[in-house]
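Working notes for the structure below.
Where a number appears in this text, it was derived from the coordinates with a stated rule and is not lab data. From a predicted model like this one, the values you see are computed outputs, not experimental measurements. Counting neighbours? That spans all protein chains shown, and the Cβs are built from the backbone with ideal geometry, glycine included.
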Amino acid sequence: MPALFRVFPYLASAKVTDPGGAFYVPRQGAGRIDSPGAYSVLYLSNAAEGAVAEAFGRFPEWTQSILRGNPALPGSVRAIAQFHLDEDAPVCDLDDPTQLLALGLRPSDVVSRNYDTTRAWARRLHDQRQWIGVKWWSFYNPAWYSFGFWDIRTLRLEAVRPLRLSDAEVLEAARTIVRRVAPPATS
């Protein structure tokens, strides 16, 4: 499987599963396939640009301020992490029409903005106990895939680096989803 990516508030001194770490999963309840109390979800993308779009897409203009970390984590910055997942990892592919048919899902069920709908199918998949997560196409660009993992034991962290507005993946995400990147401030 190609690399997977995540943009998150990074704290260099944090352990990978603690706040500021690449595997840290914050309190949930607002995500597409969240099920607080049943499982936690680590959201990733198969494209660095996709991870950037998912993290910053709600902002019409991308300025230096979006790269600040979490105020609750003094010294944190937004970073991109790269992960590896084994080819044979059991991820439910919701871009596969055969899989959709077997699950009784329509493409519109997968991308619905009604999270009661998406959380219901996600909970069914989780409860089948045959998947470590699920894959679907990104809201921002169907060429990018979004992943949600409730079992992260087979993911391996490969790299983490702070993001800059001038990074290629930031500029490409902005171009693809039509966002303005503010020029760097001059002194």
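For a quick check of your reading of the model, give me the residue pairs whose first member lies in region 147-166 and is more than 25 Å from ARG32 (Cβ to Cβ) and in contact (Cβ under 8 Å) with a residue 24 or more places away in the chain, whose second is among the hydroxyl-bearing types (Ser, Thr, Tyr) and surrounded by 17 or more Cβ atoms within 10 Å (Cβ to Cβ), with beta-carbon atoms closer than 9 Å and at least 6 apart or on different chains.
Listed by first residue and then by second, the contacts come to ARG161/TYR10; PRO162/TYR10.
If I filter region 10-32 for residues that are under 18 Å from ALA173 (Cα atoms) and in a loop (DSSP other than H, G, I, E, B), do I get at least one hit?
Within region 10-32 (the criterion being under 18 Å from ALA173 (Cα atoms) and in a loop (DSSP other than H, G, I, E, B)), the answer is no, since none of the residues qualifies.
Would you mind finding the one in ALA53, ALA72 that is assigned to a loop (DSSP other than H, G, I, E, B) and not basic (Lys, Arg)?
Just a single option satisfies the conditions, and that option is ALA72.
Find the residue count for region 20-35, including only residues that are over 12 Å from the mean Cα position of the chain (by Cα), surrounded by 15 or more Cβ atoms within 10 Å (Cβ to Cβ) and over 17 Å from ARG123 (Cβ atoms).
Of the residues in region 20-35, 3 are over 12 Å from the mean Cα position of the chain (by Cα), surrounded by 15 or more Cβ atoms within 10 Å (Cβ to Cβ) and over 17 Å from ARG123 (Cβ atoms).
Pick out the one residue from ALA159, ALA79 that is within 19 Å of VAL181 (Cβ to Cβ) and in a strand (DSSP E or B).
Testing whether each residue is within 19 Å of VAL181 (Cβ to Cβ) and in a strand (DSSP E or B) leaves just ALA79.
Out of all the residues in region 79-92, which are touching a residue at least 60 places away in the same chain (Cβ under 8 Å), surrounded by fewer than 21 Cβ atoms within 10 Å (Cβ to Cβ) and more than 15 Å from SER146 (Cα to Cα)?
ASP86, GLU87, ALA89
Quickly run through region 122-138 and pick out the residues that are of a type in the set (A, V, I, L, M, F, W, C) and free of Cβ contacts under 8 Å to residues at least 40 places away in the same chain.
The one that is of a type in the set (A, V, I, L, M, F, W, C) and free of Cβ contacts under 8 Å to residues at least 40 places away in the same chain: LEU125.
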